[in-house]
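Q: Okay, handing you the structure first.
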Amino acid sequence: MNEYDSAKIADVLIDRCGYTKAESAEEATLLIVNTCSIRENARNKIFSGLGRWRKIKEENPDVVIAVAGCVSSQEGENVLKQATQVDIVFGPQTLHRLPEMLAAYDQTHLSQVDVSFPEIEKFDSLPEPRAEGATAFVSIMEGCNNFCTYCVVPYTRGREWSRPQQDILEEITALAKQGVKEVNLLGQNVNAYQGEDANGEKSSIAQLIREVAKIDAIKRIRFTTSHPKWFGDELIQLFAEEPKLVNHLHLPVQSGSDNVLKMMKRKYTSAEYKEKVAKLREVRPGICISSDFIVGFPGETEENFNETMDLIKEIDFDQSFSFVYSPRPGTEAAKMEDDTELEVKKNRLALLQKQISRQAGRVSAAMVGTEQMVLVHQESKQKNGQIAGRTENNRVVNFDGPVELIGELVKVRITEALPNSLRGELIS
Ligand code: 5AD
Ligand code: SF4
């Protein structure tokens, strides 16, 4: 979502204010950091980064420094107190107001702060989307009403709000005209989507995906991030009917322990999660499933952790994201007693990551010899004349082929599985 917002910030500045991209921070007249506050680490990095920008501003006082994103939402004016070199603070829902904030700063030289949640106004006032490559993010809903006890998102991005179907379809049609073949429909709680359809009726995400699939040039559809509680039968059934839905689903379970899930207020049990995955695999055998995991949630016992490890093996999760729990100000979990030492948590995380990487390695190895549809993104990073693209289950594949294929969907036979990528040969 932050990548999507960063692209929108760039669109606004280029379209509305005539900015161009600078080659380096030293050459820029405006420096913006788009921040994340999901874990403390990410938040702290921002302030050390701003320290480096202070020096740039000392040498050139005309440089304007802005802080965007969820840290701004959470800390508002306090950002200015902690980093006096900052001139503008705006949140995820006010990025479209940046031109006005820049103009006001220009006239008054007073710092500008706007971290409100005007929701619909944002999408109504964004310029035409600019595609960068064959794959694009498209925000379909924002915010979250779930209030999982560890999470800041409901506080930083506000309540759930869905964009009308028509707006989303127009955005995707515009992207398709610029060569986009794969869209990733975004939302913090994406399957709670309930935007209006053309008749003013509430539409589900499944109905929206059916409409997106009618756009010929769009060949692949992904959606992130799903909450298991809202991952329902209609969407599962769509995996049976809609071949444009990729053979991969990110469905974060967070923990395999019902105790921990309850403390997290995730609103499902490990058995319910397994049931949903089983249903999905019935209609899409072989679908790869990935997850997010939080290790060391307050009160997580060794036994609770082992339940997570058991679930990982049982579901056979593919490449996933995992983190040590990080207490976030203002959340319920931050007030819970937590007597597990950090060392223990780190050991649990290492065990979990080792198991996931073993399983992901097996998935990659099993792909050797198969034919895969690959969306070609770029020249290979190894600069050996090869090109690189991604499979439906998000593996990078390097193979011999002309650069003219960049942006195309091609058939590739997988010849070798490496730890972080695959090798293949072009079939068509
Ligand atoms: N500590 C650690 N991980 C967190 N996440 C969200 N909040 C926290 C936190 N306080 C993780 C969850 C979520 C992902 C985006 O970030 O796993 O799915
Ligand atoms: Fe945060 Fe996701 Fe829970 Fe919403 S559903 S509160 S975004 S973890």
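Q: Could you grab the pairs with beta carbons closer than 6 Å, sequence gap of 6+ or different chains, first residue in segment 255-276 and modelled with pLDDT of 95 or more, second one surrounded by 15 or more Cβ atoms within 10 Å (Cβ to Cβ) and charged (D, E, K, R)?
A: From segment 255-276, the pairs are Gly256/Glu307; Ser257/Glu307; Val260/Glu300; Lys267/Lys229; Tyr268/Lys229; Thr269/Asp258; Ser270/Asp258.
Q: Go through segment 259-289 and give me each residue that's surrounded by fewer than 16 Cβ atoms within 10 Å (Cβ to Cβ), assigned to a helix (DSSP H, G or I) and within 16 Å of ligand 2 (Cβ to nearest atom).
A: Result: Lys262, Glu272.
Q: Please work out which one of (1) more than 20 Å from the chain's Cα centre (by Cα); (2) in contact (Cβ under 8 Å) with a residue 60 or more places away in the chain; (3) more than 16 Å from ligand 1 (Cβ to nearest atom) is the condition Lys279 fails and give its number.
A: Status for Lys279: all satisfied but (2).
Q: Restricting attention to segment 368-413, which residues are farther than 22 Å from Ala176 by Cα, among the β-branched types (Val, Ile, Thr) and not in a strand (DSSP E or B)?
A: Matches in segment 368-413: Val368, Thr370.
Q: Still on this structure, please answer the following. Return yes or no: is Lys345 more than 20 Å from Asn420 (Cβ to Cβ), touching a residue at least 24 places away in the same chain (Cβ under 8 Å), away from ligand 1 (no atom under 15 Å from the Cβ) and among the basic types (Lys, Arg)?
A: Numbers: more than 20 Å from Asn420 (Cβ to Cβ): yes; touching a residue at least 24 places away in the same chain (Cβ under 8 Å): yes; away from ligand 1 (no atom under 15 Å from the Cβ): no; among the basic types (Lys, Arg): yes.
Judged against the criteria, Lys345 is not a match.
Yes/no per residue for (1) within 9 Å of ligand 2 (Cβ to nearest atom); (2) among the small types (Gly, Ala, Ser); (3) touching a Cys at 6+ places or on another chain (Cβ under 6 Å):
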| residue | (1), (2), (3) |
| --- | --- |
| Leu126 | no, no, no |
| Gly133 | no, yes, no |
| Ala136 | no, yes, no |
| Gly143 | yes, yes, no |
| Cys148 | yes, no, no |
| Val153 | yes, no, yes |
| Arg157 | yes, no, no |
| Pro164 | no, no, no |
| Asp167 | no, no, no |
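Q: Looking at (1) within 28 Å of Val412 (Cα to Cα); (2) within 16 Å of ligand 1 (Cβ to nearest atom); (3) in contact (Cβ under 8 Å) with a residue 60 or more places away in the chain, find the lone condition where Asn394 falls short.
A: (2)
Q: Additional query: Can you confirm whether segment 376-384 contains a residue that is surrounded by 14 or more Cβ atoms within 10 Å (Cβ to Cβ), more than 12 Å from ligand 1 (Cβ to nearest atom) and among the β-branched types (Val, Ile, Thr)?
A: yes
Q: With respect to Gln237, is the statement that it is in a loop (DSSP other than H, G, I, E, B), out of contact with any Leu (no Cβ under 7 Å at 6 or more places or on another chain) and not aromatic (Phe, Trp, Tyr) true?
A: On the way: in a loop (DSSP other than H, G, I, E, B): no; out of contact with any Leu (no Cβ under 7 Å at 6 or more places or on another chain): yes; not aromatic (Phe, Trp, Tyr): yes.
No.
Q: Considering only helices (runs of 4 or more DSSP H) fully contained in segment 1-116, which possess at least 1 residues that are in contact (Cβ under 8 Å) with a residue 40 or more places away in the chain, of a type in the set (Asp, Glu) and surrounded by 19 or more Cβ atoms within 10 Å (Cβ to Cβ)?
A: Values: elements: 2-17, 40-59, 70-75, 78-82, 98-108.
Qualifying helices (runs of 4 or more DSSP H): 2-17.
Q: Here are Pro129, Pro164: which of them is away from ligand 1 (no atom under 16 Å from the Cβ) and surrounded by fewer than 19 Cβ atoms within 10 Å (Cβ to Cβ)? Let's see the steps before the verdict.
A: Working: Pro129 fails: surrounded by fewer than 19 Cβ atoms within 10 Å (Cβ to Cβ).
The unique qualifying residue is Pro164.
Q: If you don't mind, another one. Can you confirm whether segment 193-207 contains a residue that is in contact with a helix residue (DSSP H, G or I) (Cβ under 9 Å, 6 or more places away or on another chain), within 16 Å of ligand 2 (Cβ to nearest atom), in contact (Cβ under 8 Å) with a residue 60 or more places away in the chain and at positive phi?
A: No, that holds for no residue.
Q: I've got another one for you. Scan segment 385-404 for residues that are surrounded by fewer than 16 Cβ atoms within 10 Å (Cβ to Cβ) and among the polar types (S, T, N, Q) and report the count. Outline the logic, then answer.
A: Step one: list which residues in segment 385-404 are surrounded by fewer than 16 Cβ atoms within 10 Å (Cβ to Cβ), which gives 385, 394, 400, 402-404.
Okay, now just the ones that are also among the polar types (S, T, N, Q), so 394.
The total comes to 1.
Q: Another question, if that's okay. For segment 315-368, how many residues meet the condition of being within 16 Å of ligand 2 (Cβ to nearest atom), in contact with a Gly (Cβ under 6 Å, 6 or more places away or on another chain) and not aliphatic (A, V, I, L, M)?
A: Here the count works out to 1.
Q: When you scan segment 169-177, do you find a residue that is buried (at least 18 other Cβ atoms within 10 Å of the Cβ), hydrophobic (A, V, I, L, M, F, W, C) and out of contact with any helix residue (DSSP H, G or I) (no Cβ under 7 Å at 6 or more places or on another chain), even just one?
A: yes
Q: Continuing with this model, one more query. Just the residues that are within 16 Å of ligand 1 (Cβ to nearest atom), assigned to a loop (DSSP other than H, G, I, E, B) and hydroxyl-bearing (Ser, Thr, Tyr), please, taken from segment 198-232.
A: Thr225, Ser226, listed by residue number.
The values are calculated or read from the model by the stated rules, or taken from the named source; none is laboratory data. Remember, it's a predicted structure, so these values are computed and weren't measured experimentally. Every residue, glycine as well, gets a Cβ built from its backbone with ideal geometry; the counts of neighbours run over all protein chains shown.
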